[in-house]
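The values are calculated or read from the model by the stated rules, or taken from the named source; none is laboratory data. A quick note: this is a predicted structure, and the numbers were derived from the prediction, not measured. Every residue, glycine among them, receives a Cβ derived from its backbone with ideal geometry; neighbour counts consider all protein chains shown.
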Amino acid sequence: MQIHVFDTHVMTVSDEYIHFDVLVNNENIREVEQYAKQYLDSLGVKVDNIKQSRCNFCHSELANLEVQESVASQGYSIMRL
């Protein structure tokens, strides 16, 4: 499975830096920002607490089995960096 990697950087109002990749297939590219927001929400970071963020396409690559399973079941995978 070919996946697309979106490099994501977030700085919260409390100066916490969060860096992660959102990995998606062709069908879910338009949902990348929503997936990033869901992930941040799972960390307890609300949109109102974000001072600055960036989510840019980085590259495409072949997905390993763990990423393939995550994308197949929920549409995306997150890799915390």
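Here are the numbers for the structure shown:
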quantity	calculated
Candidates SER73, SER60, filtered to the one that is free of Cβ contacts under 8 Å to residues at least 60 places away in the same chain, among the small types (Gly, Ala, Ser) and part of a helix (DSSP H, G or I)	SER73
Top-ranked residue of the stretch 8-23 - restricted to ones that are among the charged types (D, E, K, R) and assigned to a loop (DSSP other than H, G, I, E, B), ranked as surrounded by the most Cβ atoms within 10 Å (Cβ to Cβ)	GLU16
The stretch 51-69, residues that are of a type in the set (D, E, K, R), closer than 19 Å to ARG30 by Cα and at pLDDT 95 or above	GLU61
Residue, nearest to the chain's Cα centre (by Cα), within the stretch 24-45, restricted to residues that are within 13 Å of SER77 (Cβ to Cβ) and in a helix (DSSP H, G or I)	ALA36
Test: ASP48 is at pLDDT below 95, over 12 Å from ILE3 (Cα atoms) and part of a helix (DSSP H, G or I)	yes
Members of the stretch 9-34 found to be of a type in the set (Asp, Glu) and more than 25 Å from LEU62 (Cα to Cα), listed by number	ASP15, GLU16
